[in-house]
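What follows is a set of notes on a single structure, which appears directly below.
The values are calculated or read from the model by the stated rules, or taken from the named source; none is laboratory data. A quick note: this is a predicted structure, and the numbers were derived from the prediction, not measured. Backbone-built Cβ (ideal geometry, glycine too); neighbour counts: all protein chains shown.
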Amino acid sequence: MPSLKDLKNRISSVKSTQKITSAMKMVAASKLRRAQEQVEASRPYADRMDRMLAAIAATFTAETEVPRMIGGTGREDTFLFLVMTSDRGLCGGFNSSIAREARRQISALLDEGKEVKIICVGRKGRDQLKQDFGARIITGYDDIGRQRSMYAEAERITQQILQMYDEDEIDVCRVFYNRFKSVISQVVTIQQLLPVVALRPPGDAAEGAATGPGGVADGTAGTEADLRAKFGEGREANDLPLITDLNRL
């Protein structure tokens, strides 16, 4: 049986641990609040960019020359998936839900005979996808977002994707990410980046976005057919400087 001294030491140890965990909780709450403020501050910019791209896309007709970034390459044979997760775990289904949806989409495209390439932003997504599709992961980026300014990191990823698109290594690029609704609620969202599809900006189900299986918000649903019908199949065009600059932001 423990002595009185052992019990007192145990109580003191538990209280010390409690103080440490309380301090860690305060630090985590501060980081979460800062991250949430960044998300909410960037959302109006992203929404306005979607509207601007939609307005630009609406100006083109079948008689006008359509930039490749809007009209596409005329093919949909090779897909690039940009899978965005976190570098660390212990966050519920935040990472696994993205990886699960990406895995489902990859399998479906492979069954159709398409080629799929993957860029992973975040260590957890790469760790989960490399078990089944390791040979298709062409590169990965870790520790993105450690600094408050992420423009340089985003530009580096953007330049790689644009180079692959310009060199006809890919025909379609889609990004998988969690759209923030609240601290305990995120919606797995798929948004097409290339060719530019902004006729139906992505959003959550409550905002009227098209959704796929499991309530996944799909920012690409129906838009490719709309563009093909509007611009015609296999149209080739030179990139307009305005469109190019917008997509390089």
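What to note about this one:
- Residue check, Arg88 part of a helix (DSSP H, G or I), within 22 Å of Phe180 (Cβ to Cβ) and of a type outside the set (Phe, Trp, Tyr): no
- In the stretch 101-125, the residue that is surrounded by the fewest Cβ atoms within 10 Å (Cβ to Cβ) out of those that are at pLDDT 95 or above, in a helix (DSSP H, G or I) and touching a strand residue (DSSP E or B) at 6+ places or on another chain (Cβ under 8 Å) is Leu110.
- Checking Thr78, Thr73, Thr139 one by one, the residue that is over 14 Å from the mean Cα position of the chain (by Cα), of a type in the set (Ser, Thr, Tyr) and surrounded by fewer than 18 Cβ atoms within 10 Å (Cβ to Cβ) is Thr139 and no other.
- Checking Arg33 against (1) surrounded by fewer than 10 Cβ atoms within 10 Å (Cβ to Cβ); (2) of a type in the set (Lys, Arg); (3) closer than 27 Å to Tyr177 by Cβ, the condition it does not meet: (1)
- Residue count for the stretch 28-46, restricted to those that are under 18 Å from Gln191 (Cα atoms) and modelled with pLDDT of 85 or more: 2
- Residues located in the stretch 81-100, provided they are surrounded by fewer than 18 Cβ atoms within 10 Å (Cβ to Cβ) and of a type in the set (A, V, I, L, M): Leu90
- Qualifying position, being surrounded by fewer than 16 Cβ atoms within 10 Å (Cβ to Cβ) and polar (S, T, N, Q), among Gln128, Gln159, Gln191, Gln186: Gln159
- Restricting the stretch 43-57 to residues that are surrounded by fewer than 20 Cβ atoms within 10 Å (Cβ to Cβ), hydrophobic (A, V, I, L, M, F, W, C) and touching a residue at least 12 places away in the same chain (Cβ under 8 Å), the residue that is nearest to Arg123 (Cα to Cα): Met49
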